[in-house]
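The values are calculated or read from the model by the stated rules, or taken from the named source; none is laboratory data. Because the structure is predicted, anything quoted here is derived from the model rather than measured. Because the Cβ atoms are built from the backbone with ideal geometry, glycine has one as well, and the counts that use them run over all protein chains shown. The protein model used for the area step is the full one, side chains on, heavy atoms only, and it has no ligands, DNA or RNA in it. Shrake-Rupley method; radii C 1.70, N 1.55, O 1.52, S 1.80 Å.
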Amino acid sequence: MTTKERWLSENTQLYVGWQDRTEYGGPIGNRIELRLRELFADTIAAIDHGDNPIGPDMVTKLRNIFRSEKFAPYVAGNGETDRSCGWRLNAAVLHPEPALTRLHQLTVMTEDKQVAITIQPAQWAPLHAAVAALTGPGLVPDNISDPDIRQLIQALDSNGYLQKTRQAACGRAACGRAPHTIASAAGATLVGHACVLIRGRNSAVLVDPYMPVGSGEWPPDYQPLKISELGRIDAVLLTHGHPDHFDAATLLRIPTETPIVVPQVDRESILSPDLQMRLHQLGFTDVRARPWGACEKFGDIVVEVLPFYGEQPSVGAVLHPEISMAGNTYVVETGWGRVALLADAGDDRRGRMIDVARREREVDGPVDIVFSGFRGWCTSPAELLGSSVGRYALFIPPHRWGSREELMNDPWRAVTTTSAFGARTLVPYADGGAPWFWEVGLGPRLDETAAERPGFDLYPEQVAAEAAREGAVRVAVMRAGETLEPDHSVTQHPGHVWPWRSLNA
């Protein structure tokens, strides 16, 4: 190591900003949600004050706004049709011009300072390469060929965002342990939320990486896993394009040549970013958009792409059925077992995940472990308008406004789908699960002030209770930073030991 080598300080957080110049809102970011919250402000306020979100008064409120001239610009033909049974959305709403949503800004921050830098489109690839080197093998700033990126890295160094000594896996330079000890052996590590590392005997794939950095606000012995603790990553798998599954800031820390498997998108829409295109813009060189049924091999790991049903605007009929939220689920086959990762999947008008599980078992045999979402997300059109996917409400026909729908697997569906796979163990995941998630609105609090939101954010222990009633599968309630070993036991790691009591479902 030369004295000029640098690494990102462990407490340095990155944030990637997208510039949205579309008229109504692009597929990345929340511009359309902000517009809809303004348009439906009275409706959202009524729900906040306790009005029934599926009652007749609420349906009337929705009908009045959707029929109003304020909503007319969203409708094809400027709203010159009767909207009592639905509408056709403006083409600019459905398919925003891709070039009008672009990578724009990198914000680098610690707990006491931050700096935001505008990055030109052609500079994201060299910036990405530099950030990945700062995260992993180390970087000599003077060796960067792009003069603007070299100047940026040198400025970060002079302002204390970089460090001269590589920290070990425990987060301290002289802790007595080498890096890469936590996830270096075979097994499935719950990194946090929907992020899972599956390691075979020799290779590893990382699914839906979304990895905040550590903070002094959380217990010192319970901190987020770091990229440096995961060891070599041979491929990344993304299930879909929602921001808690497609996090550009985390992806910047992964080398640009790493293969990434993403859902196939024929045309970018307001419901689905074209992840292949967007990841190329970020600097990745090997992005593989794969349809359902495809297979990929990475070393001693085989990845099978399965359908992703669920997390659509409605379980049943929708306006513009030709457009959907594109997604993949995956079965990862290692030398020690087969692992299914379902993220936020469930049921919709196209199919059910329990049927996907049955077909997989019939054709390729049972899987061993299922990671499944379990929150159900039992919601209504009026409630959607105030959520992170308010755009979904634009696709729900009026005859469904007075009903709630479960857009994802709930505990019962998670258990029965796991049984259909023939799996031995179910791990409930994809609903936060640690303070660095629940403090930004992902999942329920699970500490000493635990708080559950029935129908939206459940304790994972609810899945174990459901499995006990069904007498079916074993549920492993895992915390972020724990590893499910090939024998299905759970291992905790120093620096990532859950500090709070267990919750009773």
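Quick notes
- Scan of segment 130-147 for residues that are assigned to a helix (DSSP H, G or I) and touching a helix residue (DSSP H, G or I) at 6+ places or on another chain (Cβ under 6 Å), ordered by number: 130, 135, 141
- Condition met for residue 386 (in contact (Cβ under 8 Å) with a residue 12 or more places away in the chain and at positive phi): no
- Filtered residues of segment 90-119 (kept if surrounded by fewer than 19 Cβ atoms within 10 Å (Cβ to Cβ) and touching a Leu at 6+ places or on another chain (Cβ under 9 Å)): 107, 109, 115, 116, 117, 118
- Applying the criterion of being hydrophobic (A, V, I, L, M, F, W, C) and within 15 Å of the chain's Cα centre (by Cα) to the residues of segment 371-393, the residue that is nearest to residue 52 (Cα to Cα) is 389.
- Residue match in segment 32-52 (condition: in contact with a Lys or Arg (Cβ under 7 Å, 6 or more places away or on another chain), outside any helix (DSSP H, G or I) and modelled with pLDDT of 95 or more): no
- Scan of segment 151-164 for residues that are assigned to a helix (DSSP H, G or I) and either under 16 Å from residue 255 (Cα atoms) or open to solvent by 70 Å² or more (accessible area, probe 1.4 Å) (or both), ordered by number: 151, 154, 158
- Flag for residue 293 being at pLDDT below 95, part of a loop (DSSP other than H, G, I, E, B) and surrounded by fewer than 22 Cβ atoms within 10 Å (Cβ to Cβ): no
- Filtered residue count, segment 389-415, keeping only those that are buried (at least 21 other Cβ atoms within 10 Å of the Cβ) and among the β-branched types (Val, Ile, Thr): 2
- Considering segment 458-475, the residues that are open to solvent by 50 Å² or more (accessible area, probe 1.4 Å) and either among the hydrophobic types (A, V, I, L, M, F, W, C) or in a loop (DSSP other than H, G, I, E, B) (or both) include one that is nearest to residue 386 (Cα to Cα), namely 468.
- Within segment 438-459, the set of residues being aliphatic (A, V, I, L, M) and touching a Gly at 6+ places or on another chain (Cβ under 8 Å) comprises 442, 446, 458.
- Complete set of residues in segment 328-365 that are among the polar types (S, T, N, Q), open to solvent by 10 Å² or more (accessible area, probe 1.4 Å) and under 16 Å from residue 293 (Cβ atoms): none
- Looking only at segment 210-240, and only at residues there that are assigned to a loop (DSSP other than H, G, I, E, B) and polar (S, T, N, Q), the one that is most open to solvent (accessible area, probe 1.4 Å): 223
- Output for segment 1-26, where each listed residue is open to solvent by less than 20 Å² (accessible area, probe 1.4 Å) and at pLDDT below 95: 7, 8, 9, 12
- Test: residue in segment 386-399 that is more than 30 Å from residue 320 (Cβ to Cβ) and aromatic (Phe, Trp, Tyr): no
- Residue that is touching a residue at least 60 places away in the same chain (Cβ under 8 Å), under 30 Å from residue 220 (Cβ atoms), open to solvent by 10 Å² or more (accessible area, probe 1.4 Å) and not in a strand (DSSP E or B), where the choices are 433, 455: 433
- Every residue from segment 165-209 that is at pLDDT below 75, among the small types (Gly, Ala, Ser) and surrounded by fewer than 20 Cβ atoms within 10 Å (Cβ to Cβ): 168, 171, 173, 174, 176, 178, 184
- Taking every residue in segment 152-169 that is more than 12 Å from residue 135 (Cα to Cα) and pairing it with any residue that is modelled with pLDDT of 95 or more and of a type outside the set (A, V, I, L, M, F, W, C), at least 6 positions away or on another chain, yields no pair with a Cβ-Cβ distance below 7 Å.
- Given (1) assigned to a loop (DSSP other than H, G, I, E, B); (2) under 21 Å from residue 305 (Cα atoms), number of the condition residue 416 does not satisfy: (1)
Residues checked against (1) open to solvent by less than 10 Å² (accessible area, probe 1.4 Å); (2) assigned to a loop (DSSP other than H, G, I, E, B); (3) more than 21 Å from residue 430 (Cα to Cα):
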{"site": "276", "(1), (2), (3)": "no, no, yes"}
{"site": "279", "(1), (2), (3)": "yes, no, yes"}
{"site": "284", "(1), (2), (3)": "yes, yes, yes"}
{"site": "303", "(1), (2), (3)": "yes, no, no"}
{"site": "310", "(1), (2), (3)": "yes, yes, no"}
{"site": "318", "(1), (2), (3)": "no, yes, yes"}
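- Unmet criterion (only one of (1) in a helix (DSSP H, G or I); (2) within 23 Å of residue 323 (Cα to Cα); (3) open to solvent by 50 Å² or more (accessible area, probe 1.4 Å); (4) not aromatic (Phe, Trp, Tyr)) for residue 60: (2)
- Conditions (1) within 22 Å of residue 130 (Cα to Cα); (2) open to solvent by 10 Å² or more (accessible area, probe 1.4 Å); (3) part of a loop (DSSP other than H, G, I, E, B); number of the one not met by residue 243: (1)
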